[in-house]
Amino acid sequence: MNKNQLRKLYKQKRKDLTEEQINLLQKNIYNQVFTLNFSLVNTIHIFLPIEKQNEINTYPIIDFLREKNKKIVISKSNFTNNTLEHFVFDEKTELEVNKYGIPEPINAKKIDVNEIDLIFVPLLISDTKNYRVGYGKGFYDRFISNCKDGVKTIGLNFFKPIEIIEDVNEYDMALDFVIYPK
């Protein structure tokens, strides 16, 4: 299937998940994240969940990383040019939900992408080569391509990867890992 077909299918699959299913899937994902070795990373970018899209609740991961004294970074979306600006997310950061349902910082300190060591990436589905399907605007592919060499990327997904995404192109960035419920 191509990205548009997969996007439609997996948005619906995620929408159809019950609250109980989501909680079980999230618990499995959290357990996997909590066993990762974060000793070689200091600054971690993570997405905040779009609740109306049933995205994984990343706040427990953020709390876990803060306990490990990691600097957390979140983004603000620019829909004019489909890019992201990045900001430190600490206990003083105020959030505002934009018209697309994305929580974004309104009083945070901007940070350069070259300071980021690890990125948790949202996705609808991935394939066995760790290419992903997102919402189709290319925000994360642009973001990752502008990061320093060696930045690590981890996708978080409720669904097991499929065999192949038919229309992967040269602008698509494969992730280093994808965590999904086992």
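The values are calculated or read from the model by the stated rules, or taken from the named source; none is laboratory data. Everything numeric here is computed off the predicted structure, so don't read it as measured data. Quick reminder, even Gly has a Cβ in these numbers, built from the backbone with ideal geometry, and neighbours come from all protein chains shown.
May I ask you to say which residue of ILE72, ILE44, ILE22 is closer than 22 Å to VAL133 by Cβ, of a type in the set (Val, Ile, Thr) and in contact with a helix residue (DSSP H, G or I) (Cβ under 9 Å, 6 or more places away or on another chain)?
Of ILE72, ILE44, ILE22, the one residue that is closer than 22 Å to VAL133 by Cβ, of a type in the set (Val, Ile, Thr) and in contact with a helix residue (DSSP H, G or I) (Cβ under 9 Å, 6 or more places away or on another chain) is ILE22.
In the stretch 141-151, which residues are surrounded by fewer than 16 Cβ atoms within 10 Å (Cβ to Cβ) and either touching a helix residue (DSSP H, G or I) at 6+ places or on another chain (Cβ under 6 Å) or charged (D, E, K, R) (or both)?
Residues satisfying the conditions are ARG142, ASN146, LYS148, ASP149.
Testing THR43 on (1) surrounded by 15 or more Cβ atoms within 10 Å (Cβ to Cβ); (2) within 19 Å of GLU94 (Cα to Cα), one condition comes back false. Which one is that?
That leaves (2) as the condition not met.
Of these, LEU123, LEU118, which one is in contact with a strand residue (DSSP E or B) (Cβ under 6 Å, 6 or more places away or on another chain), crowded, with 19+ Cβ neighbours inside 10 Å, aliphatic (A, V, I, L, M) and within 18 Å of ASN54 (Cα to Cα)?
Exactly one residue qualifies, and that residue is LEU123.
Can you pull out every residue in the stretch 127-151 that is in a helix (DSSP H, G or I) and touching a Pro at 6+ places or on another chain (Cβ under 9 Å)?
Restricting attention to the stretch 127-151, the residues satisfying the condition of being in a helix (DSSP H, G or I) are 139-145.
Correct list: TYR140 only.
Looking only at the stretch 128-148, count every residue that is of a type in the set (A, V, I, L, M) and either over 13 Å from the mean Cα position of the chain (by Cα) or over 20 Å from ILE111 (Cα atoms) (or both) and tell me the total. Show your work before the answer.
We begin by selecting, within the stretch 128-148, every residue of a type in the set (A, V, I, L, M); these are 133, 144.
Restricting the remaining residues to those that are either over 13 Å from the mean Cα position of the chain (by Cα) or over 20 Å from ILE111 (Cα atoms) (or both) gives 133.
Count: 1.
Can you list residue pairs whose Cβ atoms sit under 8 Å apart, with the first residue in the stretch 89-101 being more than 13 Å from ILE74 (Cβ to Cβ) and the second being surrounded by 11 or more Cβ atoms within 10 Å (Cβ to Cβ) and of a type in the set (A, V, I, L, M, F, W, C)? Count only pairs 6 or more apart in sequence or on different chains.
TYR100/ILE50; TYR100/PHE79; GLY101/ILE50
Hey, among the residues in the stretch 152-182 that are among the polar types (S, T, N, Q) and assigned to a loop (DSSP other than H, G, I, E, B), which one's surrounded by the fewest Cβ atoms within 10 Å (Cβ to Cβ)?
ASN169
Quick grid of which residues meet (1) over 18 Å from LYS71 (Cα atoms); (2) among the polar types (S, T, N, Q):
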site	(1), (2)
ASP16	yes, no
LYS27	yes, no
SER39	no, yes
LEU48	no, no
ASN54	yes, yes
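From the residues in the stretch 16-30 that are more than 15 Å from ASN157 (Cβ to Cβ) and not acidic (Asp, Glu), which one is farthest from the chain's Cα centre (by Cα)?
Only one residue tops the list, namely THR18.
Could you list all residues from the stretch 10-35 that are surrounded by 14 or more Cβ atoms within 10 Å (Cβ to Cβ) and either touching a Cys at 6+ places or on another chain (Cβ under 7 Å) or not in a helix (DSSP H, G or I) (or both)?
Within the stretch 10-35, just LEU17 meets the criteria.
Check the stretch 58-75 and report whether any residue there is closer than 30 Å to GLU166 by Cα and not polar (S, T, N, Q).
For the stretch 58-75, residues closer than 30 Å to GLU166 by Cα and not polar (S, T, N, Q): absent.
Checking the conditions here, which among ILE116, ILE125 is of a type outside the set (Phe, Trp, Tyr), at pLDDT 95 or above and in contact with a Leu (Cβ under 8 Å, 6 or more places away or on another chain)?
None of the others qualify; the one that does is ILE125.
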